[in-house]
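The values are calculated or read from the model by the stated rules, or taken from the named source; none is laboratory data. In this text the structure is predicted, and so the values were computed from the model without any measurement. For neighbour counting, all protein chains shown are included, and Cβ atoms are generated from backbone atoms with ideal geometry for every residue, glycine included. Just the protein is used for accessible areas: all its heavy atoms, side chains included, with ligands, DNA and RNA removed. Shrake-Rupley method; radii C 1.70, N 1.55, O 1.52, S 1.80 Å.
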Amino acid sequence: MIRGSCLCGAIGIEIDEPLEHAAEACHCRQCRKQTGHYYVGINVRRSALRIAGEEQVHWFQSSEQVQRGFCGHCGSTLFWKPSIAGYEWTSVALGCLDSTAELKIAKHIYVADKGSYYQIDDGAPQSAGA
């Protein structure tokens, strides 16, 4: 079981293991603006994700296709999910998880949009788009 929470603790997260996906880092402009740097998350099957305090999660529709979830009290970035009916996955921000020792960034996406103030040098594959 992987556990996490927002900064203030109003929202708790539990994820059943094993995870089916690897972590991805998204450097697109929207993710950078939402997080203040870039977003690193892992897609979790919704049936494997439990959220305590779910009423505190606020969803922002950042485009026609995407919603971004955050704590309505402390503002912590928590989730990213497509607004597609029947889509079974929610991306959970690695920064809100208590233990990520086994999780490593497997790829970087939208690196063409990355900020000029940092370098990507961890050796993980990079893609200009998705």
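The residues on offer are Gln56, Gln67, Gln61, and the sole one that is without any contact (Cβ under 8 Å) to a residue 24 or more places away in the chain and surrounded by 13 or more Cβ atoms within 10 Å (Cβ to Cβ) is Gln67.
Residue count for the stretch 71-128, restricted to those that are more than 17 Å from the chain's Cα centre (by Cα) and either in contact (Cβ under 8 Å) with a residue 24 or more places away in the chain or under 18 Å from His27 (Cβ atoms) (or both): 17. In the stretch 22-42, the count of residues that are outside any helix (DSSP H, G or I) and basic (Lys, Arg) is zero.
For the stretch 85-93, the condition of being touching a strand residue (DSSP E or B) at 6+ places or on another chain (Cβ under 7 Å), among the small types (Gly, Ala, Ser), open to solvent by 50 Å² or more (accessible area, probe 1.4 Å) and within 14 Å of Ile2 (Cβ to Cβ) holds for none of the residues. The one condition from (1) outside any strand (DSSP E or B); (2) on the phi < 0 side of the Ramachandran plot that Lys81 does not meet is (1).
Scan the stretch 84-120 for residues that are of a type in the set (D, E, K, R) and outside any strand (DSSP E or B) and jot them down.
Across the stretch 84-120, the qualifying residues are Glu88, Asp98, Glu102, Lys104, Asp113, Lys114.
Consider the stretch 1-21 and keep the residues that are in contact with a Gly (Cβ under 7 Å, 6 or more places away or on another chain) and not in a strand (DSSP E or B). The one that is surrounded by the most Cβ atoms within 10 Å (Cβ to Cβ) is Ile11. If only residues of the stretch 31-53 that are under 23 Å from Gly86 (Cβ atoms) and open to solvent by 60 Å² or more (accessible area, probe 1.4 Å) are counted, the one that is farthest from the chain's Cα centre (by Cα) is Ser47.
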